[in-house]
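The values are calculated or read from the model by the stated rules, or taken from the named source; none is laboratory data. These numbers come from a predicted model, not from an experiment. Please note: Cβ atoms are built from the backbone with ideal geometry, for glycine as well, and neighbour counts cover all protein chains shown.
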Amino acid sequence: MNRKVLISGASVAGPALAYWLGRHGFKPTVVELAPALREGGQAVDFRGETHLTVLERMGLLPELHRIQTGGSPMHFVDEGGRTLLHLPAEFAGGGLEVLRGDLARVLYEHSLPYAEYVFGDSITHLAETSSGVRVDFRSGASDEFDLVIGADGLHSNVRRLAFGPEKDYVKHLGYYAATWRLPNYLGLVKGSVCHNAPGRLASVGADHRDAARAGAFFVFAAPELPYDRHNPEQAKRLIVDAFSGLGWEVPRLLDSLHPASDLYFDSISRADVDAWSTGRVCLVGDAACGATIGGMGTGTAMVAAYVLASELARDPGAPRTAFIRYESRLRDYAKSCQAGGDRTGRFLAPKTAMGARLRNTLLSRPSLLNWMLKQGEKITSAIDLPDHPVPRPHP
Ligand SMILES: Cc1cc2nc3c(=O)[nH]c(=O)nc-3n(C[C@H](O)[C@H](O)[C@H](O)COP(=O)(O)OP(=O)(O)OC[C@H]3O[C@@H](n4cnc5c(N)ncnc54)[C@H](O)[C@@H]3O)c2cc1C
């Protein structure tokens, strides 16, 4: 009953859901637009008991501990390199921090015994029938599935096809973020150095595994910009325009952007969808409730995948009920995690020099830092996880 499930998106939510559905006896197929598993992105973090419980139930903790970054302290410096603010490793890194690309690979490998993957393809049409959902693909293939899940991120294709245009669901929060890798020409050993100009953050951090490499992380304030999200050259021009004329290490970092082949560039936005499912189609992860950065989207995606699979397994004959139970368990939790992302742009790249000074003064106080860390853990743990038995053993 309703065992044949199509999942769109193979990053975090998609493979995590494929794993759990497979363990519950479903037959998931994951379709990913990119020709191979996507690398890139900075570190993503897990914080609080619930995130760690889900990772533990998946059997992932030993592997993730092995590849964790150990957290990334942030040093904010002025143009001459003098430290203005030091944020400890756990501030950005939470309880367990891994590179996004590493996490996606571990989840993919973990789900492989249970799922079929199709890379380089995308859904072009969804039509609900009396028994399932008829799906057409860009490759020309066509098939019927019992259920379709959109795990295809903030700019979800499934959401667009089944719920409506992106502008109805995604709100731009006034900032853009970019990451890319470059040679470690500063000889950084751990953490990152960050430099602010009004409305801009330029930073570069050590690569915890490869001493010869480093990662750039830039954030800038801008209204919604017209550009083709699938054209990295356009994104590079926007970044260069936003940062040209700045001092510190910015000119050298911009030089390293030109040859970069792993650029991640996106608006800092949030997705708000009134109802996460319609008929036999449901959303999970950033597609349902994403926040580009700072909204704990990775941890929420892992929790959401676990809950959705549990609810479907509880009653595979009634997917509508399962979708509604999934959403009612998760919605408030996801919203309060997501809310942190609303402030991320302003926090990383305050729009005025005074705003940056205020941030630096406030966050130099250990008591405030500790309070913020505790709040983060409280928010990410404020959910009761379902305990539906998992029939298939982990291979
Ligand atoms: C390359 C990349 C780099 C990232 N870097 C960071 C970072 O540095 N810091 C951070 O906090 N978060 C980053 N994120 C976002 C982070 O992964 C998510 O916020 C979070 O983990 C939730 O994951 P998700 O699986 O819901 O969505 P996402 O991680 O956004 O994954 C969505 C997946 O769907 C795929 N997809 C998109 N359109 C289609 C389509 N039409 N058909 C099939 N598949 C499609 C995408 O290629 C992607 O693999 C990054 C995401 C990506 C894809």
message: Within region 302-315, does at least one residue satisfy the condition of being more than 7 Å from the ligand (Cβ to nearest atom) and assigned to a loop (DSSP other than H, G, I, E, B)?
response: yes
- prompt: Is one or more of the residues making up region 108-119 modelled with pLDDT of 95 or more, within 17 Å of the chain's Cα centre (by Cα) and either over 23 Å from Gly376 (Cβ atoms) or not hydroxyl-bearing (Ser, Thr, Tyr) (or both)?
  reply: yes
query: Do the conditions hold for Thr321, that is, is it touching a Gly at 6+ places or on another chain (Cβ under 9 Å) and either buried (at least 24 other Cβ atoms within 10 Å of the Cβ) or at pLDDT 95 or above (or both)?
result: no
statement: Note on region 12-54: residues more than 10 Å from the ligand (Cβ to nearest atom) and among the charged types (D, E, K, R) are Arg23, Lys27, Arg47, Glu49
task: Select, from Leu308, Leu257, Leu246, Leu238, the only residue that is crowded, with 19+ Cβ neighbours inside 10 Å, over 19 Å from the mean Cα position of the chain (by Cα) and either farther than 21 Å from Ala178 by Cβ or not basic (Lys, Arg) (or both).
output: Leu257
query: Name the residues in region 317-353 that are out of contact with any helix residue (DSSP H, G or I) (no Cβ under 6 Å at 6 or more places or on another chain) and charged (D, E, K, R), would you?
result: Arg320, Glu327, Arg331, Asp332, Lys335, Asp342, Arg343, Arg346, Lys351
task: Please work out which residue is nearest to Leu173 (Cα to Cα), limiting yourself to region 349-395 and to residues that are surrounded by 11 or more Cβ atoms within 10 Å (Cβ to Cβ) and charged (D, E, K, R).
output: Lys351
- prompt: Within region 102-123, how many residues turn out to be touching a helix residue (DSSP H, G or I) at 6+ places or on another chain (Cβ under 8 Å) and within 16 Å of the ligand (Cβ to nearest atom)?
  reply: 12
Qualifying helices (runs of 4 or more DSSP H) (wholly inside region 1-101; at least 1 residues being free of Cβ contacts under 8 Å to residues at least 12 places away in the same chain and either out of contact with any helix residue (DSSP H, G or I) (no Cβ under 6 Å at 6 or more places or on another chain) or of a type in the set (D, E, K, R) (or both)): 49-57, 61-67
